[in-house]
Each structure stands twice: as structure tokens, then as C-alpha cells.
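The values are calculated or read from the model by the stated rules, or taken from the named source; none is laboratory data. Please read these numbers as outputs of a predicted model, since none were measured by experiment. Using ideal geometry, Cβ is built from the backbone for each residue, glycine included, and neighbour counts are taken over all protein chains shown. Side chains included, ligands, DNA and RNA excluded: accessible areas come from the protein's heavy atoms. Shrake-Rupley method; radii C 1.70, N 1.55, O 1.52, S 1.80 Å.
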Amino acid sequence: LPAALPALPLELTVLYNSLLFTMGAADSAIEGEAEGIRHGLLRVLEACGACGQDLSTEELWQKVLQEVTAEELQAPLHRLGALQAAWWLAASRLGSTAGLFRLLSSTEDPGRAHCSEGENELLCLLKAWRVPAEEASLPLVQSTEDLKAILCTTAAFLQGLQELEAGNFPTALSLLQEAAGGFCSKRVLAQIYTCLGCCAQRMGKPQTALQHLKRALQVDFQCLPALSHVAAVYHELGETEAELQALALLYEALGKTPPAAASSSPYFLIRTELLVHTPVLASLLRHRHPSEVKYLLAQRCLQDERVAEAVEHYLDFLALLQEGLQEQVPLDGGSALPRIPEVFLEAASALEQAGRHQDAITVCEEVISRTTDLIPRMLRVEERLEQSECPSPGAGLAGGLLSQKKERLRCLAWRAAGYLHQGWAWARLGESKEAGTPLLCPLTRRCLSDLLRVQLYGSGVEPAESLLPEVEVLQKIRLLSLIGRGAQFLELGRHKEALLDFQHGLQILPGDPAAASYLVQALWKLNRKQEAAAHWQKFSQSRAGEDGQQEGQGRPFPLYLASCLKQVTFPHSESLARSIRDYLGNTSRESSS
């Protein structure tokens, strides 16, 4: 039918209602449905004897609101404008939304929408917009007053998320607080409080963050991402007990089937949750898989030396692997899960510390058997970051090759670490002195032979920060293997062999405190006391000078090496230092006399 001015108020109201139903039924803002609004605007121009087929949607709105002055069309056009704003907000087109409400306000009162300095323009325009009165003859399925309130909440929420992502935390906090005071469901309010908590945490205000996150859980106890963030804040505060309690609650809640959620806003077809679905919000509200939480429980217990609990959690997690865990959890940047071989090695470390050495050996054997076929006979790799990251015309291909080499280095490190853990486990089982040869030795030989497959090309000893992380881990495993074998040689009285291992270890990582201390002890036992004293003085001076400088520096080593690092800690520091001081004192007195 041709557009007729008397019928347009009814036609635009029917269009408004039908689009509301379409959006509500689809449970999201559909871009294609916005074409219905464009069609309605073109019908208005047609009735007024104008056209605008070639205009963009923004230009079309400008033409309609500036040229169509019929009083009976103002209310239907304003309602349609509010619906257009909902679609644009859903697409994060905040500038287009502000421009539309600037036009809508200017048609009512040009001076009414003036914003004071520092005030958010979009919120100012939305609040200043005068909602058209409803007519009894043209009923609406959702009142424009309610739609305005939802638009205000959505605009504040969206802008708060944008500022949060940009790192403008005070502005983000203000906008999110504005959204929290707006018109929304409990579910959305809990999400807003969760975002407030994350914002406060990034501002360095953990206690304020906890208040917001607890408020989110009070509003909606099904907002489990808030509980996940609570655990993260407690971790930041170093409150391990509270963190573990939060993780345990989260794991328990994730294991329960959530109750069927009744619609929190049954009378609103357009709701804030339909309009706010940005990547930053999805990241903040990411639901963890139960297995991720189980792993975090295991990891935190191991880090806090709660060995028995760590073992229990790791074994539960390994059982989940049999249920197709890798298919359930995407191992992307947002996941808490490390690579699966690292989890196995962490579990072996926990079992070893709990005295379950045979179980630790079995777990390590799984890692060794699974990585064997992935390791080449020889691997050549540049050991420095600078050499591996040089841009060139073939950078894409080079990057792929580097990535492949890094993966092989990781496999090599995992297998070598498996041998290392097995060696310590066999040593703890008391089977290490058979035929006068430490059983750690053959396992150390396997570990070292693995590491010798890597040909490193560089300029010799590199600063730690310039090494590839994978190379640095391999060097540390090599050092731990040598110290472990040397320590067993010392126990067997094979001091010369022990000395060679410690010297080799210090070539790999000069200044390592454990290797240096064991070297001094080996020299002392070989009755090379003057050399031992000289080395002891040198290492003591260098350690005193580095204590203040190297605090917190360097990359953290993988958690699966933590138990090995403890086992190679030199246990006789005080007694050896006392003996050397006595020796130096006696030598000084003899020389003076």
C-alpha cells in the first residue's frame, strides 16, 4: 500500500511492537531486523513526498527528524528512535547513538540537552530525552519509559567496559557505578558488580574489590565468575586459606546442576543483557570448567606445600583426563590449565614429596613414553631471543620453524624432567647404592644425553633475560641433574667425580648457590682446603652483592621443578662455613706468628 500520513502513526507503532517481539524472541539484537526501522523511515519520507534510498541510516534519521514536522508523527518516530538506539548500542556504536539523541532532543527543545563539562555526553543526552506520551488507542508491548531506563543502564555499562579495557579505571569505576544504580535484572546487576570488583582490583584496591564481588554473589549466587575473581583477589593478597576455600566452593557449585532460571524481567522484551555482549565482558565473566578449578586447587596446594591435599587434587585431575578433558576445555590463553605433560610432572613432584615414590616413577614414565617419538635425534636452535626474532622477508616461515623448535625443546625438557624426578624417586626408595653406583646416575645420564641433543648457537654465556625461556629451563634441568648426581657421589665418597659434576654445573649457570656450596664441600673433602676457602670467600662476596639486586628478577621456573630445587639445596651451609672460618683463622694466626 502507498504510504499515507493519517495511517503512519499506527503503522510505525505496529513496526515498533513487531521489532520488539522479534528481538525478544531471538534473545539477542539481530542486525538484519534494523532494516525494518530503515523501511519505516523511508515510508515516512514517501508520505511526505521525499525520498532517501541512497542515504545511510544516520543520514536518513537526520533527514526525517529535520524535515518531518507533522505533530502526530513525533511520538512514533521518537519510539522508533529509541529502538534504533538499542540496536546501535548492541553493536557498540556509541557515537551514532549520541548523534541520534542529539537530534531527538533538538526537535523538542534545542537548549535542553546541554551537558556540563566533565559529564558523560551520551548519558546526559539519554537522561535529557523527553519520553513521548503513550496513547490508549496505540498500545505498546514495552513502554518507552522502560526502554529509556534500559538504554541508560546499557550506555553506562558499555562505556564502563570500554574504559576498563582502555585502562582508564577511575572513569570506568564511575560509569559502572552509574550502571549499578540503573534499571536491570539481578543477573545483570551481579555482572556489573563483578566488573566493579575487577576494576577495583586493577586499581590496586583488593579489599574494595572483595566488597564488590561479594555484593555480586549476594545479588545472584549463580554468578560464579565473581567467585572465581574472589579467589584471584585472595591469591593476590597471599591469603591462601581463603583462596582455597573460594576455589573449593567454586568447584562444588560448578558440579551442581543450576536451577532453571526463571526470567528475571518477564515483561521486558528488550533487556540490558540482550544489548551488552562485548569481548571484554565475555572475558571477565568466563565460566571456568570444573577441571580448571580442580587444577588450581592442586597447584595452589603444591605451591603452599600442602602436599597431601595437592596429591589428592592432582590424582582427581588426572582421573578427569580419562574422561576426555582436552575435548571439553579449550586450552587457550584464558584457560588456567598448562600443557598436560607439565600437569603430570607437577603430580609426580607432589607424589614424590608425599613419599609415594613408586607412583611418582609411574607418572613420569607416562610423560617419557608419550614424548619420546616427538624428539628429534639432534635439534639446532639459536639460544638468544635477538637471533630468533629478526624480521626478514621469510619471517612467516621462520616463525613457524621457530615455533616448531620451541615445541620440540619443551618436549625435550618434559622428558628430561621426567628422568630427573625418577632419579630422585629411586634415590629416596633406598635403591641408589647398588653395586656402589648411584641409580640416579643412569637416569641422570639419560637426562643429560637428552639435553646434549640440543645444539645451542650463540656467543657463549648469555644473560638470563636474553635466553629463550625453553633453553633456560633446559639449562636448569641440566644443572639440577649434575648437582643431584654430584651429591650422591659425595655420599659414596667419590669426591673427584662429584667435583667434576659441580664444576660442570657452574659452567652452565655461574654463581648458582647450590652448585657453589657443593663445590666448596667437595674441595674440602678432597683436603684442598685452601682452594675451598678461596671459592667460599668468592661466592660469599658475590652473593652478598647480588642479594639486593636480584630480588624478584629473572623468570620463574616451572612448578614441576620446585621439589628438585629444594632437594639440591645445600644442607650443611652453617657447619661448612664454620669449618672454613676456623681454617682461615688458624691460617692467619700461623702466618702472623
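Mind checking which residues of the range 560-575 are hydrophobic (A, V, I, L, M, F, W, C) and farther than 19 Å from E342 by Cβ?
Matches in the range 560-575: V568, F570.
Residue-by-condition table, conditions (1) open to solvent by 10 Å² or more (accessible area, probe 1.4 Å); (2) assigned to a helix (DSSP H, G or I); (3) under 25 Å from E145 (Cβ atoms):
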residue: V44; (1), (2), (3): no, yes, yes
residue: E59; (1), (2), (3): yes, yes, no
residue: E72; (1), (2), (3): yes, yes, yes
residue: L89; (1), (2), (3): no, yes, yes
residue: S92; (1), (2), (3): yes, no, yes
residue: L100; (1), (2), (3): no, yes, yes
residue: L103; (1), (2), (3): yes, yes, yes
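Of the residues K148, K63, which single one is part of a helix (DSSP H, G or I), open to solvent by less than 80 Å² (accessible area, probe 1.4 Å) and outside the structural domain of L20 (by the TED database)?
Testing whether each residue is part of a helix (DSSP H, G or I), open to solvent by less than 80 Å² (accessible area, probe 1.4 Å) and outside the structural domain of L20 (by the TED database) leaves just K148.
From A82, A34, A26, which residue is of a type outside the set (F, W, Y), touching a residue at least 60 places away in the same chain (Cβ under 8 Å) and open to solvent by less than 50 Å² (accessible area, probe 1.4 Å)?
None of the other options fit; the residue is A82.
State which residue pairs qualify: first residue exposed (fewer than 13 other Cβ atoms within 10 Å of the Cβ) and inside the range 309-324, second residue of a type outside the set (K, R) and outside any helix (DSSP H, G or I) in any location, beta carbons under 8 Å apart, and separation of 6 or more residues or different chains.
Listed pairs, sorted by first residue: none to list.
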